[in-house]
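The block underneath contains the structure these notes are about, expressed in structure tokens.
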Amino acid sequence: MTAVVCTPCAIAEAAEALERGLLVAFPTETVYGLGADAENPQAVARIYEAKGRPSNHPVIVHVAPGADISYWAQQIPPEATQLIAALWPGPLTLILKRADHIPSAVSGGQDTVGIRCPAHPVAQELLRAFKGGKGGLAAPSANKFGHVSPTMAEHVLEEFAGETRAGGMIAAVLDGGQSEVGIESTILDLSRLASHGPVLLRPGHISAAQIAAVIGLQPASPDAAAPRASGTLDAHYAPQTPVIQVAPPELDDIVSRLQAKGKRLALMSYQAHPAIHADAWRHLPADPVGYAHDLYAGLRELDHAHADLILVESLPDEKDWQGVNDRLRRAAFDSRGILQTLLAE
Ligand code: TXA
Ligand code: MG
């Protein structure tokens, strides 16, 4: 099996495969998702198996535009209705109280459900074809647990080389080009509004300020009792090569010390660094939207350089950069010690 271009026929076949309980990877505007029928616990279990993901981690349910949210959620607070009207389809996931008949497999046993309506036309066509537009597709990012999320069909094939061949667990990989946004959806918890207000579980392209402008309430940061989200683990979104964030004043010095020790270095920058000659170098746009668009493809490319270290030029610590800073912090979790070891060798 290889990636298929998205003809109406390919989409209809993919929808049928999903209805039979198989897995299909599909493009969304954020990242590619690995989809299964959200109401079929065996199909959802296949996602966990393919990803190597712990089964107590919830997955997001994707629905078609105009879907009846009350089918999935027990209570729909006015804030959810306002956000859906203003920001769907789009990169915003809402966590709501799960309706009793929705299998708990989609929420890792929690009493909530994460729902989003993707903006990508191929995702929407697939959702309209699947169960006549009345179903939901559970779809985490189409990568192995903890790895970098895919923003292109080739990335999905690379992640699941074994599973996308004939007889593998993934029936089709729909190719919809490079994901526009590039980082995963913003996740907002509205399941505990009365006691905690809206809580931002994962920052993304849709900012806290945009949410506040719609509902008149500023989202809070997660507290200890907030619903669990694997995308909020300390270490996530990581390439095989250790990633280290370095501020420009230190960068030249670290590069020359490591190169003097014969280390292979990959560098991801967003400002020009003419003084630095890394073995592999990706220069990303100097604005948060452009940077997010290229981030994961850049990390994957640098991972292929088989460097000892990927050095990432630290980004501004500003609200607009919150989504990409969040992903980079998790990709770079705990690799400072590796830098010290390499410098000490
Ligand atoms: O942009 C996205 O959200 C992509 C595309 C494919 O839609 N999906 C994605 O899925 O990033 P995943 O599973 O890699 O991350 C989804 C996050 C996880 O951290 C998960 O724990 C959280 O959403 N989540 C889903 N349902 C939840 C729930 N009921 N309560 C708390 N967190 C939930
Ligand atoms: Mg993920």
Task: With DNA, RNA and ligands ignored, accessible area of His306 (1.4 Å probe; Å², nearest 10) - done: 150
- [ ] Estimate the FRET efficiency between Lys134 and Gln218 by the formula 1/(1 + (r/R0)^6), using the beta-carbon distance for r and 35 Å for R0, to the nearest 0.05.
- [x] 0.50
TODO: Could you name the aspartates and glutamates whose alpha carbon sits less than 18 Å from that of Lys51, not counting residues in the same chain fewer than 8 places away?
DONE: Asp37, Glu154, Glu158, Glu159, Glu163, Glu184
Task: Arg128 accessible area, assembled protein chains, probe 1.4 Å, Å² - done: 130
Task: For q = 0.13 Å⁻¹, Debye-computed log10 I/I(0) when each Cα of the range 91-192 counts as one equal scatterer - done: -0.57
Task: Volume in Å³ per residue [convex hull over Cα atoms, computed for the range 23-134] - done: 91
Task: Pairs of Cα atoms farther than 24 Å apart, the chain, % - done: 55
Open item on the list: Please give me the summed charge of the neighbours of Asp223: other residues whose Cβ is under 11 Å from its Cβ, Lys and Arg +1, Asp and Glu -1.
Closed with: 0
- [ ] Report, in whole Å, the centroid distance computed from the Cα atoms of the range 80-141 and the range 155-230.
- [x] 11
TODO: Return the long-range amide H neighbours of Trp281 (sequence gap of 5 or more, or a different chain), with a cut-off of under 5 Å between placed amide H atoms.
DONE: Leu267
Open item on the list: Between the range 271-345 and the range 8-54, what is the separation of their alpha carbon centroids in Å?
Closed with: 31
Open item on the list: I'd like the orientation of helix 78-87 relative to the chain: the angle between its Cα long axis and the longest Cα principal axis, in ° from 0 to 90, rounded to 10.
Closed with: 60
Task: For the range 160-248, accessible area per residue (1.4 Å probe, heavy atoms of protein chains only), Å² - done: 39
Open item on the list: Given the DSSP H assignment, sum -39500 (n - 2.57) over each helix run of at least 4 residues in the chain and divide by its residue total; what's the result at 222 nm in deg cm²/dmol, nearest 500?
Closed with: -9000 deg cm²/dmol
Task: Sequence-distant residues sharing a close amide H with Glu29 (under 5 Å, placed H) - done: Ala119, His120
TODO: Using a 1.4 Å probe and ignoring any ligands, DNA or RNA, find the accessible area of Ile254 and quote it in Å² to the nearest 10.
DONE: 10
Task: Phi-based couplings in Hz for the range 254-269 (Karplus 6.51, -1.76, 1.60; Gly and Pro marked x) - done: 5, 4, 5, 5, 6, 5, 4, 8, x, 7, 8, 10, 10, 10, 10, 10
Task: Translational diffusion of the range 187-345, µm² s⁻¹ [Kirkwood Rh, Cα pairs; Stokes-Einstein; 10 °C; 1.306 mPa s] - done: 93
TODO: Compute the signed sum of charges (Lys and Arg +1, Asp and Glu -1) over the other residues within less than 9 Å, Cβ to Cβ, of Pro150.
DONE: -2
- [ ] Normalise the Debye intensity by I(0) for the range 147-190, one equal point scatterer per Cα, no solvent, then take log10 at q = 0.17, 0.18, 0.27 Å⁻¹ and round to two decimals.
- [x] -0.57, -0.62, -0.98
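The values are calculated or read from the model by the stated rules, or taken from the named source; none is laboratory data. Keep in mind that this is a model prediction, so the values were computed, not measured. Using ideal geometry, Cβ is built from the backbone for each residue, glycine included, and neighbour counts are taken over all protein chains shown. Accessible surface areas use protein heavy atoms only, side chains included; no ligands, DNA or RNA. Shrake-Rupley method; radii C 1.70, N 1.55, O 1.52, S 1.80 Å.
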